[in-house]
1. Could you tell me which numbered condition A:R16 fails, if it satisfies all but one of (1) at pLDDT 95 or above; (2) touching a strand residue (DSSP E or B) at 6+ places or on another chain (Cβ under 7 Å)?
2. Please state which of the following conditions A:Y323 fails to meet, knowing it meets all the rest: (1) within 11 Å of RNA strand B (Cβ to nearest atom); (2) of a type in the set (F, W, Y); (3) within 28 Å of A:A97 (Cα to Cα).
3. Can you say whether A:E330 is assigned by TED's automatic domain parsing to the domain that holds A:L426, more than 16 Å from RNA strand B (Cβ to nearest atom) and more than 30 Å from A:N42 (Cα to Cα), as far as the supplied structure shows?
4. Does A:A118 satisfy being at pLDDT 95 or above, among the small types (G, A, S), buried (at least 22 other Cβ atoms within 10 Å of the Cβ) and closer than 27 Å to A:Y256 by Cβ?
5. Name the residue that is nearest to A:H287 (Cα to Cα), counting only residues in segment A:427-440 that are more than 10 Å from RNA strand B (Cβ to nearest atom) and surrounded by 14 or more Cβ atoms within 10 Å (Cβ to Cβ).
6. Which condition number in (1) in contact (Cβ under 8 Å) with a residue 40 or more places away in the chain; (2) assigned to a helix (DSSP H, G or I); (3) small (G, A, S) is the one that A:A105 fails?
7. Which of the residues spanning segment A:404-426 are among the aliphatic types (A, V, I, L, M), within 10 Å of RNA strand B (Cβ to nearest atom), farther than 15 Å from A:F386 by Cα and under 46 Å from the mean Cα position of the chain (by Cα)?
8. Taking the condition of being buried (at least 18 other Cβ atoms within 10 Å of the Cβ) and not hydrophobic (A, V, I, L, M, F, W, C), how many residues in segment A:11-30 meet it?
Amino acid sequence: MNELFIYNTEARKKERFIPIDPKNVRMYVCGVTVYGNAHIGNARPYTAFDILFRLLRHRYGEDHVTYARNITDIDDKIMQRATDEGVGIKAISRRYAKIFQADIAELGSLVPTLEPKATDHLPEMIKMMRTLIEKGHAYEAEGHVMFDVTSMSNYGRLSRHSRDELVAGARVDVAPYKRDAADFVLWKPSSKDQVGWGSPWGRGRPGWHLECSCMIEKHLGVEIDIHAGGQDLIFPHHENEIAQSECAHGHNFVRYWMHNGYLTVDGVKMSKSLGNFHTIREVLDQHGGEATRLSLLTAHYRQPVDFSHDNATEQKRRLDRWYRLTDGIEASDTVPETVIDALSDDLNTPMAIAALDALASPKTAADLKAGANFMGFLMQSNESWFRGEVPEGVSTEAIEAMIQARNQARLNKDFAESDRIRDSLLEQGIVLEDSADGTIWRRAD
RNA sequence: GGCGCGAUGGCGGAGUGGUGACGCAACGGAUUGCAAAUCCGUGUACACGAGUUCGAUUCUCGUUCGCGCCUCCA
């Protein structure tokens, strides 16, 4: 087994992965803000880094990897939604967290070890802000607690932005209570009708970045191995997490930063603000979990992946072939080295998929199944994959009866009748295939 | 304006300093009553220009085009 290499955003190059503690490898992936239905672009990090989780478990042992993925359940957009619907924020965050978890599960990703919520960590946040103020890295201003960017000499090292550049490139008005234009919010005041928590600086709510710093410290420790998320989080989110955690602890925060590229539609980033999105649910309903997962993994995680129905359909066909080959086959006990080696090179999933294709022959079907299972594929029975739920208005008995009638017609060389029956079934979404062993049926795509 | 990423066959998409994965589609054949599935076979792809080199798709520089971050965002 080759060594594991990871592209570290901070170093801007691939680096050999050396865990802090091989008995407890710790990874954190920024989760979602639960204020609405997640789109398929949101699903990309949770499939890509699910592969990382699986790979780390394979290399270090299932009990030696801790994977935390947070749920941001306090945010102005959640508050807005709650106001619009006339309900509390918990009603909103619970609803969409549940949907998100179900979506991700259907995409075949393993459940993380921990899924901490922001609102469960208010005491930790207050403690960290106190520390930052005591150490001179934060200040109070008009009910806000602000992080003082000038107090950190190497602020901006992850995104490679200098404070001056940030100020020069600022496209928003600078709030008057900021000492420096680049300072960011740790805590902001809440009005009477807004959700808030008591704090030494008045009733308010946390800024976006604080929760991750606090949850990582509490659940994973002061320094962790891997922190991952979408490229759009590099700045400001991850930059600010570094600032908070390192200034609070006086210690390095993260060893390896990993960032996935965007999912695009027609070459443009899919985002809620652009409105050009497909929800995960829509895509799952149309293409199913495994084909969607495979289509997300056909491109390397750092490259953009253009979402299209054609691609998802293509992956469905590939999976059809793999399912046919592995029908009734037990998976090998070991995951093929070719798959592990491909993934160990900075999660090269396209190469891993090619390695699976290379095993797609009757002789190596058991290895194919083991490798595919490892990556979260071929998890269903063939019965379920090819037939699933039959289309509405068609019963299995009716299908079997028509197959019998058709085979009788074929024996009588009444091919007009036999084709009529086959076409009739096809109209109902059922495909027939004649083989040496008899006629089988499956649901049409 | 600052910082950064990318450009590979009809499509998707890896990789490499030296006759160019893999998949899908297409085409030819085998098989089939016909299909489907399966099997066999076929394709002068590396944006453009210059440089380094015995040799570049792969390294360097430039050009063009596309995309992203600098504001909420996976």
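The values are calculated or read from the model by the stated rules, or taken from the named source; none is laboratory data. Note that the coordinates shown come from a computational prediction; the quantities given were computed from them, not determined experimentally. A quick note on method: Cβ atoms are made from the backbone with ideal geometry, for glycine too, and the neighbour counts reach across all protein chains shown.
1. Going through the list (1) at pLDDT 95 or above; (2) touching a strand residue (DSSP E or B) at 6+ places or on another chain (Cβ under 7 Å), A:R16 breaks only (1).
2. Of the numbered conditions (1) within 11 Å of RNA strand B (Cβ to nearest atom); (2) of a type in the set (F, W, Y); (3) within 28 Å of A:A97 (Cα to Cα), the odd one out for A:Y323 is (3).
3. On the way: assigned by TED's automatic domain parsing to the domain that holds A:L426: no; more than 16 Å from RNA strand B (Cβ to nearest atom): yes; more than 30 Å from A:N42 (Cα to Cα): yes.
The answer is no for A:E330.
4. Working: at pLDDT 95 or above: yes; among the small types (G, A, S): yes; buried (at least 22 other Cβ atoms within 10 Å of the Cβ): yes; closer than 27 Å to A:Y256 by Cβ: yes.
It is true that A:A118 is at pLDDT 95 or above, among the small types (G, A, S), buried (at least 22 other Cβ atoms within 10 Å of the Cβ) and closer than 27 Å to A:Y256 by Cβ.
5. Of the residues in segment A:427-440, the ones more than 10 Å from RNA strand B (Cβ to nearest atom) are A:427-430, A:437-438.
Filter once more, keeping what is surrounded by 14 or more Cβ atoms within 10 Å (Cβ to Cβ): A:428-430.
Values: A:Q428: 19, A:G429: 15, A:I430: 17 Å.
Among those that are more than 10 Å from RNA strand B (Cβ to nearest atom) and surrounded by 14 or more Cβ atoms within 10 Å (Cβ to Cβ), it is A:G429.
6. (1)
7. Matches in segment A:404-426: A:I421 only.
8. Kept after step one, since they are buried (at least 18 other Cβ atoms within 10 Å of the Cβ), are these residues of segment A:11-30: A:17, A:19, A:25-30.
Then drop every residue that is not not hydrophobic (A, V, I, L, M, F, W, C), which leaves A:19, A:26, A:28.
The number of residues fulfilling the criteria is 3.
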